[in-house]
Amino acid sequence: MIKVRNYGQIWQKKSSYLFFYVSLFLSTVQRVRSFIFLSFNMDCLYAAVEMRDNPEWRNVPIAVGGNGPRSVLCTCNYKAREFGVRSAMPNARAKALCPELIIVNGRMSVYQQVSQQIRAIFLRYTDLIEPLSLDEAYLDVTDSPLFFGSATLIAEQIRRDIYNELNLTASAGIAPNKFLAKIASDENKPNGQCVVAPEDISTFVENLSLKKIPGIGPKTSEKLKAYGFESCADVRASSVAKLHTIVGKFANALFQRSFGIDDRALETSRVRKSLAIEKTMAEDIDSIEQCQVILLSLFSKLKLRLAKHDDRQISKQTVKIKFADFQQTTVDMQSKDCLEAIFIELFQKAMTRANNRKVRLIGLSLGFSEHNSIDNQSQLDLF
């Protein structure tokens, strides 16, 4: 019997490896030298601040969130996590898992102040900082002369400063790129750190669960799993072409991450890309008239918030609706202004997908152009 070789599959496989080696070559050429990134992640910051300021809560399960019947948790401490309580969990579910759970209202102004204090500590060691949120940031210490250039010692000292001065703990990851540093920062939480040396990258990443890769949410994870992809080793054994049929344009980045490659530079300044507002109903509603009243109220509040960003050029309007079964839908339209009529039109289109389901949440958002801001140097201060 004559065996017929599938040259299409052979080329697909070879092209993936070619893509990898070209990426690796370009990565080396672009860098010229090795970079050293630190990823800092505060340990359940909001809950930690509440425990610090209220000593009687230090050894009990607590969470930060709203107090309404439909509220969800913003975060919780590690004591609460022992009971299965997690961020974004509905209050009722959290209370069912942990009846003794104390839920406190968030104090955002306090958390922002603490975040500024953390940033001030970072600035003692480098001014190359990329803020991700109030409790997370990347630092570039490649050229730091401190501690004889040891990133490990720098990370240890920063964590020590945060604890001694603010009575809070942080976890850190040290690695040659942002992706690896981010993953490493979660390895020894809470109050720990992890180093990924260049020679350890392949081993560190090989068996990494795809769920841990930024950009892969629960739905994408399940989709990949259905095709037999659960770890970076599975991705390495496949091809970019195959991945593209599953995750689209994210395929190239996913293939690179499976080998520990990430050439993203540090973004020391960030421009806001969108502005959003939403409301979760106290009870599910099915009246179109009620929904439109809420929509108009949200529109008025969004306009007020927009006034603080009058240097940005609007590019898109979006309406989001979450139904009683927690399924959600979004409809958007290109727009250069914040127009009430467009939001109403988008809402009406979204409601054609209701299928007799009641509405749990309504959200409005504006997308901003990346290139047409009046002041292209404006910075989103997350710290």
Query raised in the report: How much length, in nm to one decimal, is gained on full extension between Asp53 and Ser202, taken as 0.36 nm per residue of separation minus their Cα-Cα distance?
Result: 49.4 nm
Report task. Assuming R0 = 30 Å, can you tell me the calculated FRET efficiency for the pair Asn167 and Gln313, based on Cβ-Cβ distance, to the nearest 0.05? Result -> 0.10
Report task. When a/c is below 1.5 the answer is rounded, else prolate if a/b is larger than b/c, else oblate, so apply that to the stretch 229-383 with a ≥ b ≥ c taken from the square roots of the Cα gyration tensor eigenvalues. Result -> oblate
Query raised in the report: Mind checking which lysines have their C-alpha under 22 Å from Lys211, skipping anything on the same chain fewer than 8 residues away?
Result: Lys178, Lys182, Lys189, Lys219, Lys223, Lys225, Lys242, Lys249
Query raised in the report: How far, in nm, would the chain grow between Lys223 and Leu128 when pulled straight, counting 0.36 nm per residue and subtracting the alpha carbon separation?
Result: 30.5 nm
Requested in this report: For the stretch 182-190, take each phi angle, set θ = phi - 60°, evaluate the Karplus expression 6.51 cos²θ - 1.76 cosθ + 1.60, and give the result in whole Hz per residue in order, putting x for glycine and proline.
Outcome: 5, 4, 5, 5, 8, 5, 10, 6, x
Report task. Compute the FRET efficiency between Thr245 and Ser209 as 1/(1 + (r/R0)^6), taking r as their Cβ-Cβ distance and R0 = 25 Å, and round to the nearest 0.05. Result -> 0.70
Query raised in the report: Distance in nm between label sites at Lys303 and Asn356, each 7 Å beyond Cα in the beta-carbon direction?
Result: 3.8 nm
Query raised in the report: the chain: longest stretch without exposed trypsin sites (Lys or Arg not before Pro) (DSSP loop, at most 10 other Cβ within 10 Å), sites themselves excluded?
Result: 34-383
**Report entry** Quotient of Cα Rg and 2.2 N^0.38 Å for the stretch 45-107, N being how many residues it contains
**Finding:** 0.96
Query raised in the report: So, with +1 on the Cβ of K and R and -1 on the Cβ of D and E, and no other charges, what is the size of the charge dipole of the stretch 274-368 about its Cα centre, to the nearest 20 debye?
Result: 220 debye
Query raised in the report: Relative contact order for the chain: what is it in percent, counting Cα pairs under 8 Å that are at least 6 residues apart?
Result: 15 percent
Report summary line: Two pseudo-spin positions, 7 Å from Cα along C-beta at Arg107 and at Glu345, lie apart in nanometres by 4.7 nm
**Report entry** q = 0.10, 0.14 Å⁻¹: log10 I(q)/I(0) that the Debye formula gives for the chain, counting C-alpha atoms only
**Finding:** -0.85, -1.48
Report summary line: Mean separation of Cα contacts under 8 Å (at least 6 apart) over the residue count of the stretch 293-337, i.e. the relative contact order in percent, is 33 percent
Report task. Could you pull out every residue, at least 5 positions away or on a different chain, whose amide H is within less than 5 Å of the one on Thr169? Hs are placed 1.01 Å off N in the peptide plane, and Pro or chain starts have none. Result -> Asp43
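The numbers here are math on the coordinates, done by the rules we state, and not lab data. Remember, predicted model here, so these are calculated numbers, not experimental data. In this analysis, Cβ positions are derived from the backbone assuming ideal geometry, glycine residues included, and neighbour counts consider all displayed protein chains.
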